[in-house]
Amino acid sequence: MKRTSINLSQDKSRGIDALKGGVPAVFCDAVRIDLADHSLLYISGKTGIDANNKMVGRTMREQTEQVLENIKAVLDREGATFDDIVRVRVYVTQCDQQSLRDVHEARAKYFRPGHYPASTLVRVSQLVRDGGLVEIDADAVLSRSQSGM
């Protein structure tokens, strides 16, 4: 077994206001575990921030699309796709009918029918990012051909 921490951010505080000024964020974008015949990829919770750590959009749909683009960046780096994701956990600050439609319509652009992951959706009172409406973490299984072994 080989464990690799994946970091896409150069900012040690990862844009979290409370950590600016020298306190590092003690997490990585993902952890990859390479096993004999496959790899496991655990992607940390992603919020709707861009490369400059600025919140993108003010709607659930806009932020969900940015979250999924942030997950895609990790998948791309590891030679994986959304088809490889087997589980997601979705945290939302709004759980009304329109918000649920917005989340699922955005997800439908990334996940193909027949390849939907197991999923949990939980309403929370607040996310770590001011203005954040949605956060998603994901687990993926990569075949041997994708694992670079």
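With the cut-off at 18 Å, report for region 1-74 the share of all Cα pairs above it, as a whole percent. Don't skip to the answer; put the middle values down first.
Working: 1274 of 2701 pairs.
Of all Cα-Cα pairs in region 1-74, 47 percent lie more than 18 Å apart.
Listed here are the pairs Lys46/Lys109; Lys2/Lys54; Lys20/Lys72; Lys2/Lys109; which of them are more than 29 Å apart at the Cα? Can you show the working numbers first?
Values: Lys46/Lys109 17 Å; Lys2/Lys54 34 Å; Lys20/Lys72 26 Å; Lys2/Lys109 33 Å.
Beyond 29 Å between Cα atoms: Lys2/Lys54; Lys2/Lys109.
So what's the back-of-envelope 222 nm ellipticity for the chain, counting only DSSP H runs of four-plus at -39500 (n - 2.57) apiece and dividing by all residues, rounded to 500?
On the way: 2 runs with 30 residues, N = 149.
The helix-only estimate for the chain comes to -6500 deg cm²/dmol at 222 nm.
Longest exposed-loop-site-free stretch of the chain, with trypsin sites (Lys or Arg not before Pro), DSSP loop and at most 15 other Cβ within 10 Å?
Values: sites that count: Lys12, Lys20, Lys54, Arg58, Lys109, Arg144.
By the stated rule (loop sites, at most 15 other Cβ atoms within 10 Å), 59-108.
For region 2-143, state the semi-axes of the equivalent ellipsoid (square roots of 5 times the eigenvalues of the alpha-carbon gyration tensor), sorted largest first and rounded to whole angstrom. Mind showing how you got there, number by number?
On the way: eigenvalues 106, 92, 27 Å².
The three semi-axes for region 2-143 are 23, 21, 12 Å.
Normalising by the residue count of the chain, find the relative contact order in percent from Cα pairs under 8 Å and 6+ residues apart.
Values: 274 pairs, mean separation 43.9, N = 149.
Taking the mean separation of contacting Cα pairs over the length of the chain, I get 29 percent.
Rank Ala25, Ile49, Thr64 by how far each Cα sits towards the positive end of the charge dipole of region 1-138 (+1 on Lys, Arg Cβ; -1 on Asp, Glu Cβ) and give me just the farthest.
Farthest towards the positive pole: Ala25.
Only the coordinates and a few stated rules stand behind these numbers; no lab work does. All values derive from a computational prediction rather than experimental measurement. We place every Cβ from the backbone using ideal geometry, glycine too, and count neighbours over all the protein chains shown.
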